[in-house]
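The values are calculated or read from the model by the stated rules, or taken from the named source; none is laboratory data. In this text the structure is predicted, and so the values were computed from the model without any measurement. Using ideal geometry, Cβ is built from the backbone for each residue, glycine included, and neighbour counts are taken over all protein chains shown. Each accessible area value is taken on the protein alone, full model and side chains, heavy atoms only, with ligands, DNA and RNA left out. Shrake-Rupley method; radii C 1.70, N 1.55, O 1.52, S 1.80 Å.
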Amino acid sequence: MTQVIAVANQKGGVGKTTVAVNLARALQLMGQQVLIVDSDPQGSARDWYQASQNQNSDMPVVVGVDRPVLETSIKKLRGSFDTILIDGAAKLQDMTVSAIKAADFVLIPVQPSALDIWAAEDLVELIKARQSVTEGRPKAAFLVNRQIVGTRLASDANGALEALNLPILAARTTQRVAYAECMSTGSTVLDLETNGQAASEIKAIVHELHTLLGTPLKG
Ligand SMILES: Nc1ncnc2c1ncn2[C@@H]1O[C@H](COP(=O)(O)OP(=O)(O)O)[C@@H](O)[C@H]1O
Ligand SMILES: [Mg+2]
């Protein structure tokens with residue numbers, strides 16, 4: 001059964017593409033057939049894929065769909081992949097709605113500041129509106145991204161996350177050079193340093209998603 005995971009947040013620079021690409025690679029290394037759908041007209045995931053082809057042609061394939069037709073396009077791709085990851089668009093409301101409709105699960109990366117978290121309020125509203133007409137689909141959760149190593153989440157950030165009333169993954173990414181480096185070189189943290197700390201963070205996120213999705217992620 002295909003799982004469709006949208007990595008969404010209308011704010012730019014929160015780590016959507018970084019998270020989507022690294023999760024896709026982790027799932028692929030577990031033996032899954034994985035596709036990345038780049039729904040952002042800026043095409044960062046497509047740029048990453050192009051860069052990847054200079055060194056590792058085995059990376060998960062990225063295709064661009066930057067018209068709000070994700071629901072129908074992805075319906076046709078279901079069955080051909082174990083997981084389809086949608087790299088969400090910044091700003092564009094219709095693209096985000098389309099991604100929510102296509103998804104079984106929406107992962108919302110947020111930087112650990114109350115302001116950034118409150119900026120996701122509109123997205124949370126969109127997801128809840130959708131859930132109310134589709135018996136709770138898609139499920140959704142926050143992912144704290146770029147936490148500073150050694151710090152706790154500020155209490156105002158925790159409060160904001162709780163107020164929006166969606167689960168928060170215990171697994172998170174911290175601020176690490178490896179994440180920035182892999183994006184520009186078409187690699188992933190799992191390839192840069194297989195047993196490194198960034199790789200462990202990504203594996204922990206995959207593990208937790210596995211539990212939240214309810215149905216097992218193959219591999
Ligand atoms: N955990 C992290 N540590 C360090 N840099 C990160 C991390 N996550 C993302 N970045 C960097 O932040 C910038 C924005 O990330 P990106 O994934 O492109 O965000 P978005 O897709 O939401 O616009 C990129 O330069 C990326 O390399
Ligand atoms: Mg992006």
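Things worth noting here:
- Residues of region 35-49 satisfying the condition of being in a strand (DSSP E or B) and among the charged types (D, E, K, R): Asp38
- Here the condition is being of a type in the set (D, E, K, R) and either in contact with a Gly (Cβ under 8 Å, 6 or more places away or on another chain) or at pLDDT 95 or above (or both); of Arg152, Arg172, it holds for Arg172 alone.
- Number of residues in region 76-96 that are loosely packed, with under 14 Cβ neighbours inside 10 Å and more than 17 Å from Gln10 (Cα to Cα): the value is 3.
- Any hit, region 194-211, residues being in contact with a Lys or Arg (Cβ under 9 Å, 6 or more places away or on another chain) and within 16 Å of ligand 2 (Cβ to nearest atom): no
- Residues in region 127-145 that are surrounded by fewer than 21 Cβ atoms within 10 Å (Cβ to Cβ) and of a type outside the set (Asp, Glu): Lys128, Ala129, Arg130, Gln131, Ser132, Val133, Thr134, Gly136, Arg137, Lys139, Ala141.
- Selection over region 168-197 of residues that are part of a helix (DSSP H, G or I) and either buried (at least 18 other Cβ atoms within 10 Å of the Cβ) or not aliphatic (A, V, I, L, M) (or both) gives a count of 11.
- Verdict on Gly159 being more than 16 Å from ligand 1 (Cβ to nearest atom), part of a loop (DSSP other than H, G, I, E, B) and either under 18 Å from the mean Cα position of the chain (by Cα) or more than 15 Å from Ile205 (Cβ to Cβ) (or both): no
- Residue in region 90-115 that is nearest to the chain's Cα centre (by Cα), counting only those that are under 15 Å from Ile5 (Cβ atoms) and not in a helix (DSSP H, G or I): Leu107
- Residue within region 124-134 that is within 16 Å of ligand 1 (Cβ to nearest atom), at pLDDT 95 or above, farther than 30 Å from Thr194 by Cα and not β-branched (Val, Ile, Thr) present: no
- Of the listed requirements (1) within 10 Å of ligand 2 (Cβ to nearest atom); (2) within 23 Å of Val124 (Cα to Cα); (3) open to solvent by less than 10 Å² (accessible area, probe 1.4 Å), Trp48 misses just one: (2).
- Pairing each residue of region 1-23 that is under 16 Å from Asp122 (Cα atoms) and outside any loop (DSSP other than H, G, I, E, B) with any residue that is near ligand 1 (Cβ under 8 Å from one of its atoms) and open to solvent by 10 Å² or more (accessible area, probe 1.4 Å), provided the two are 6+ apart or on different chains, yields C-beta distances under 7 Å for Val7/Lys16.
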